[in-house]
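In what follows, a single structure is set out as structure tokens and then discussed.
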Amino acid sequence: MKRKSNHSTPLLYDRGFRKQPSSRECFFAGDYQNIKQIFIKLPPAKINIPEVEKYRPQSLDDLISHKDILSTIQRFISEDRLPHLLFYGPPGTGKTSTILACAKQLYKDKEFNSMVLELNASDDRGIDVVRGPILSFASTRTIFKKGFKLVILDEADAMTQDAQNALRRVIEKFTENTRFCLICNYLSKIIPALQSRCTRFRFGPLSPDQMIPRLEYVVQQESINITPDGMKAIVTLSSGDMRRSLNILQSTSMAYGNVTEDTVYTCTGHPLRSDIANILDWSLNQDFTTAYNQILQLKTLKGLALHDILTEVHLLIHKVDFPPSIRIGLLIKLADVEHRLASGTNEKIQLSSMVAAFQAVRDLVTSEAA
């Protein structure tokens, strides 16, 4: 027996939307007997996205580096002969931006979602992702558009061996319908069978001459106060990683207002140049216990990592007037300290080893001078 509905008031949600609302207007309708329209004016949306995404290149012409790679890919697209691609190289060098710009050139906005499948292989790196979404996407043919689909696999070097072997077969089988672009940091982690099926392009670190104009553009657009030393510090710390440089710029400007060399190093938790000079001075001129305690106190006070200290000390050693043989011996000892740090050893013990290396060098220089 059916129960009768006793609604004394109109239902606003029982029939859903009566028509497609505009972008900033929501429209709700009641039941058919007593239709009511309620218009809700929403405030304009505030765009608040990270600068990394805000200033991501939207076309191949916007990319600032690797012109030889871009010209080759542009020719592939213009001649409609795009092969399977394998982009590899350090992070932040434009690999993902390049293939997304290619996809936007190949497909219109309304067909982008149906023609492009973008996956981060580090999220689902097992064989199931190959047998599931990748296989189903690649195996279906396009109905309303001629041409091929595009599968973008970011961080493909995180995929398991089984997943890569399964992907090899999918690439073979659906080449007529789908193109694949694999993106990774380490080429050695991609099996040879996949490498041989793709055209490989290496994206090297960006040079300062390429990074600085783009950073200056962002500084101008965001009205950021920055000094020349601050710009140089950002470029130095990012080591050719454009993504990291933008993150450092944004975080430093929001934390301190003015972007200077000191604020950049402080914001990133990196030792200041003055701190490194003090560490080198204590290690060479103080006795072992005093030098160790002073460096440990500085390290604890500023929250410095010994790995970062070693990196900066290494750069400064090349500027100190050591005899070549002594410099070589010191660098070998510091390399051993860094290697042991990477193995998860105790930082205090390795700090002692670093100070001892400098003490040995000092004694050796003193004995040779005598």
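The values are calculated or read from the model by the stated rules, or taken from the named source; none is laboratory data. What you see is a predicted model, and the numbers here were worked out from it, not measured in a lab. Neighbour counts are summed over all protein chains in view; Cβ atoms, including those assigned to glycine, are modelled from backbone coordinates with ideal geometry.
Of the residues examined, PHE358 is not one that is outside any helix (DSSP H, G or I), surrounded by 14 or more Cβ atoms within 10 Å (Cβ to Cβ) and more than 30 Å from the chain's Cα centre (by Cα).
Test ARG168 against the stated conditions and say whether it is in the same structural domain as ILE99 (by TED's automatic domain parsing), part of a helix (DSSP H, G or I) and of a type in the set (Lys, Arg). Here the answer is yes, as ARG168 does meet what is asked.
For region 215-241, a tally of residues being touching a residue at least 60 places away in the same chain (Cβ under 8 Å), in a helix (DSSP H, G or I) and closer than 27 Å to ASN185 by Cα returns 2.
If you go through region 188-214 and keep only what is among the hydrophobic types (A, V, I, L, M, F, W, C) and assigned to a helix (DSSP H, G or I), you end up with ALA193, LEU194, MET211, ILE212. Taking THR345, is it outside any helix (DSSP H, G or I) and surrounded by 12 or more Cβ atoms within 10 Å (Cβ to Cβ)? Spelling it out, THR345 is indeed outside any helix (DSSP H, G or I) and surrounded by 12 or more Cβ atoms within 10 Å (Cβ to Cβ). Of the helices (runs of 4 or more DSSP H) lying entirely inside region 33-144, those carrying at least 2 residues that are hydrophobic (A, V, I, L, M, F, W, C) and modelled with pLDDT of 90 or more are 67-78, 95-106.
When residues in region 235-270 are screened for being aromatic (Phe, Trp, Tyr) and either under 14 Å from the mean Cα position of the chain (by Cα) or surrounded by fewer than 18 Cβ atoms within 10 Å (Cβ to Cβ) (or both), 1 of them pass.
Among the conditions (1) surrounded by 12 or more Cβ atoms within 10 Å (Cβ to Cβ); (2) in contact with a helix residue (DSSP H, G or I) (Cβ under 8 Å, 6 or more places away or on another chain), HIS318 misses just one, which is (1).
Listed here are the residues, each with its yes/no results for (1) over 26 Å from LEU187 (Cβ atoms); (2) of a type outside the set (A, V, I, L, M); (3) assigned by TED's automatic domain parsing to the domain that holds ALA166; (4) surrounded by 14 or more Cβ atoms within 10 Å (Cβ to Cβ).
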position: ARG56; (1), (2), (3), (4): no, yes, yes, yes
position: SER71; (1), (2), (3), (4): no, yes, yes, no
position: GLU79; (1), (2), (3), (4): yes, yes, yes, no
position: LEU85; (1), (2), (3), (4): no, no, yes, yes
position: THR96; (1), (2), (3), (4): no, yes, yes, yes
position: GLU118; (1), (2), (3), (4): no, yes, yes, yes
position: LEU135; (1), (2), (3), (4): no, no, yes, yes
position: THR140; (1), (2), (3), (4): yes, yes, yes, no
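Taking ARG244, is it at pLDDT 90 or above, at negative phi and part of a strand (DSSP E or B)? No. Taking each residue of region 200-214 that is on the phi < 0 side of the Ramachandran plot and of a type in the set (Ser, Thr, Tyr) and looking for partners that are part of a loop (DSSP other than H, G, I, E, B) and at pLDDT 90 or above with beta-carbon atoms closer than 8 Å, six or more apart or interchain, yields SER207/GLY240. Inside region 185-199, can you point out the residues that are surrounded by fewer than 17 Cβ atoms within 10 Å (Cβ to Cβ), in contact (Cβ under 8 Å) with a residue 60 or more places away in the chain and aliphatic (A, V, I, L, M)? Answer for region 185-199, where residues must be surrounded by fewer than 17 Cβ atoms within 10 Å (Cβ to Cβ), in contact (Cβ under 8 Å) with a residue 60 or more places away in the chain and aliphatic (A, V, I, L, M): just LEU187. Scanning region 289-304 for residues that are under 17 Å from GLU347 (Cβ atoms) and either surrounded by 15 or more Cβ atoms within 10 Å (Cβ to Cβ) or in contact with a helix residue (DSSP H, G or I) (Cβ under 8 Å, 6 or more places away or on another chain) (or both) yields a count of 9. If you filter region 271-280 down to residues that are of a type outside the set (Asp, Glu) and closer than 11 Å to LYS302 by Cα, you find that the one that is surrounded by the fewest Cβ atoms within 10 Å (Cβ to Cβ) is LEU272.
Here ILE295 meets the list (1) closer than 25 Å to PRO50 by Cβ; (2) at pLDDT 90 or above almost entirely, failing just condition (1). Looking across region 45-99, just one residue is basic (Lys, Arg) and touching a helix residue (DSSP H, G or I) at 6+ places or on another chain (Cβ under 6 Å), and that is ARG56.
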